[in-house]
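Notes for the one structure printed next.
Nothing in this text is a laboratory measurement; each read-out follows from the coordinates by a stated rule. No experiment lies behind these values; they were computed from the predicted model shown. Note that each Cβ is placed from the backbone with ideal geometry, even for glycine, and that neighbours are counted across all protein chains shown.
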Amino acid sequence: MNSIVLNNTNALKRRTETRAKVRRAVKGGHPEIFSDIYHEDVNLAVWQRQFSAEFKTLVNDFVIFRPDTSISIVVSPGDARSMMRREIGDPRFNDLADDASQLVEMFCCLFDLEQAGLRMRVLGDSMCPKFHADRVPCRLITTYCGIATEWLPHHAVNRRKLGSGSVGQSDQESGLYKREADIQKMASSEVALLKGEEWQGNRHAGLVHRSPAVPLKQCRLLLTLDFGS
Ligand SMILES: [Fe+2]
């Protein structure tokens, strides 16, 4: 079979798979919503939590105190609290370390993991400005402060325009989505589970998302958790 026929066959297969899959987002006010990620047709589960005024102040103080934060560690539910307190390195911010460690416990419990890869960073610009789906089974993302992650509903995405399919055009120009109103925005403080391309049966259906443009002189405090290391 020559390469043109093979490419056309692969493209047809991808279109058929993409069309056949239906995916939806679920949201709720309790972390129990996370168990819905196990539904085949769910590729995003959002816990719509809210912070107290005291915790918001603590987070804002933290990014002023540690604007260069870039933590990348492998943690277990048993050691996440002590490791995060040590990484953050100031008892004034213990509540932030403890919040992150509680998310580690939830994440590991939900997916029966012994360890998770944790990254916490202060970001002053967009880390992944183009829409994409992650090549992971599932990733937890939360923005403690600043502008939060943007995403597209599965039905609103023309997946042929992802990656090299955009042929160098911006997402706005390429036809990846039809209307600006299709772009959904998470809120800071919300915790999201983004199902990726490597989740079994989820190829061509991973949640499409991007880092938002960070307004001038602002920043974000972002936490992500991944399977294993
Ligand atoms: Fe991503």
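Structural size metrics of region 130-229, computed from C-alpha coordinates, are Rg and Dmax of 13.8, 42 Å. Highest mean first, the peptides 136-142, 175-181, 92-98 sorted by other C-beta atoms within 10 Å per residue fall in the order 136-142, 92-98, 175-181.
Summing Cβ point charges (Lys, Arg +1; Asp, Glu -1) relative to the Cα centre of the chain gives a dipole of roughly 1040 debye.
Neighbour counts of other Cβ atoms within 10 Å put 182, 134 in the fewest-to-most order 182, 134.
Per-peptide packing, taken as the mean over residues of other Cβ atoms within 10 Å, places 41-47, 52-58 in the sequence 41-47, 52-58 from highest down. Each of 199, 72, 181 was placed along the dipole of the chain (beta-carbon charges, centred on the mean Cα), and the one lying farthest toward the positive end is 181. For region 45-70, the residues whose backbone nitrogen is under 18 Å from a point 7 Å from the Cα of residue 87, taken along Cα to Cβ, are 59-60, 62-70. Available extension along the chain between residue 181 and residue 150 is 10.0 nm, counting 0.36 nm per residue and deducting the alpha carbon span.
Cα-based radius of gyration for the chain, normalised by 2.2 N^0.38 Å, reads 1.07.
Between the beta carbons of residue 53 and residue 217, assuming R0 = 22 Å, the FRET efficiency works out to 0.45 to the nearest 0.05. When the label point is put 7 Å from the Cα of residue 173 along its Cα-to-beta-carbon vector, which residues of region 119-151 have a backbone N closer than 17 Å? Hits in region 119-151 for residue 173 at 17 Å: 129-131. Distance between the C-alpha centers of region 105-135 and region 203-221? Whole Å please. Each part reduced to its Cα centre gives a spacing of 12 Å. The lysines within cross-link reach of residue 217, meaning a Cα-to-Cα straight distance under 22 Å and a gap of 8 or more places when in the same chain, are 56, 130, 185. Taken over region 60-155, the alpha-carbon convex hull comes to 114 cubic angstrom per residue.
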